[in-house]
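J.: Below is one structure. I have some questions about it.
The values are calculated or read from the model by the stated rules, or taken from the named source; none is laboratory data. Note that the structure is predicted; figures quoted are calculated from it, not measured. Note: ideal-geometry Cβ built from the backbone for every residue, glycine included; neighbour counts use all protein chains shown.
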Amino acid sequence: MSHHRPFLTLWTLAVAASVLAFVVHLAMRGRTMALAYELGQKRAEQARLREIKRVLELEVASYQTPQRVEIVARTTLRMEPPAPERIINRPGPAEPRAASGADRAPVALRGGAGARAAGSSAAAAAPAPTATELLAPRITPPKTALPAASAEATP
């Protein structure tokens with residue numbers, strides 16, 4: 001019987017090692033499944049955040065259009081276009097400075113097409129009014145017209 005004992009000991013060790021290997025395999029399989037589930041959740045969150053980013057980029061782009069600025073200015077801020085007497089005229093790029101007020105073109109939103117096409121330095125030096133400035137809240141206009149010198153100095 002004594003020579004059967006080493007066999008039984010080795011057999012018991014082999015079975016224990018097999019059971020231990022199976023338990024380790026199950027633990028690793030469970031961890032793999034948990035990580036796969038977590039990865040799926042993170043990918044779903046990433047897809048959701050990408051969609052939110054896309055929507056926000058579209059929203060930002062819509063806020064940058066002149067039409068959207070005008071809508072917000074008119075509805076939310078209750079702004080109106082300026083009265084004709086509040087518009088300050090300036091000479092065009094091809095006109096001399098001494099031109100009469102009737103010959104001048106009104107200030108355009110972005111410097112005017114003529115000023116941009118000619119590439120004049122006068123248009124680059126004086127910034128064009130923004131849509132918000134053009135749609136400023138209506139204030140009671142002055143009773144007298146502004147002198148030409150102070151009108152050009154006013155932004």
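J.: From the list VAL60, VAL72, pick out the single residue that is within 18 Å of the chain's Cα centre (by Cα), exposed (fewer than 10 other Cβ atoms within 10 Å of the Cβ), in a helix (DSSP H, G or I) and of a type in the set (Val, Ile, Thr).
T.: VAL60
J.: Moving to a separate point now. List pairs: first residue in the range 64-86 and on the phi > 0 side of the Ramachandran plot and free of Cβ contacts under 8 Å to residues at least 24 places away in the same chain, second residue among the polar types (S, T, N, Q) and exposed (fewer than 11 other Cβ atoms within 10 Å of the Cβ) anywhere in the structure, Cβ distance under 6 angstrom, at least six positions apart or on different chains.
T.: Nothing qualifies.
J.: While we're on this one: With the structure loaded, tell me whether GLU85 is touching a Pro at 6+ places or on another chain (Cβ under 6 Å) and modelled with pLDDT of 85 or more or whether it fails that test.
T.: In short, yes.
J.: A further question on this structure: Quick check: is even one residue across the range 36-49 within 30 Å of VAL72 (Cα to Cα) and either of a type in the set (D, E, K, R) or touching a residue at least 40 places away in the same chain (Cβ under 8 Å) (or both)?
T.: The answer is yes, given that some residue of the range 36-49 is within 30 Å of VAL72 (Cα to Cα) and either of a type in the set (D, E, K, R) or touching a residue at least 40 places away in the same chain (Cβ under 8 Å) (or both).
J.: Please give the number of the condition MET79 fails out of (1) in a helix (DSSP H, G or I); (2) surrounded by 10 or more Cβ atoms within 10 Å (Cβ to Cβ).
T.: (1)
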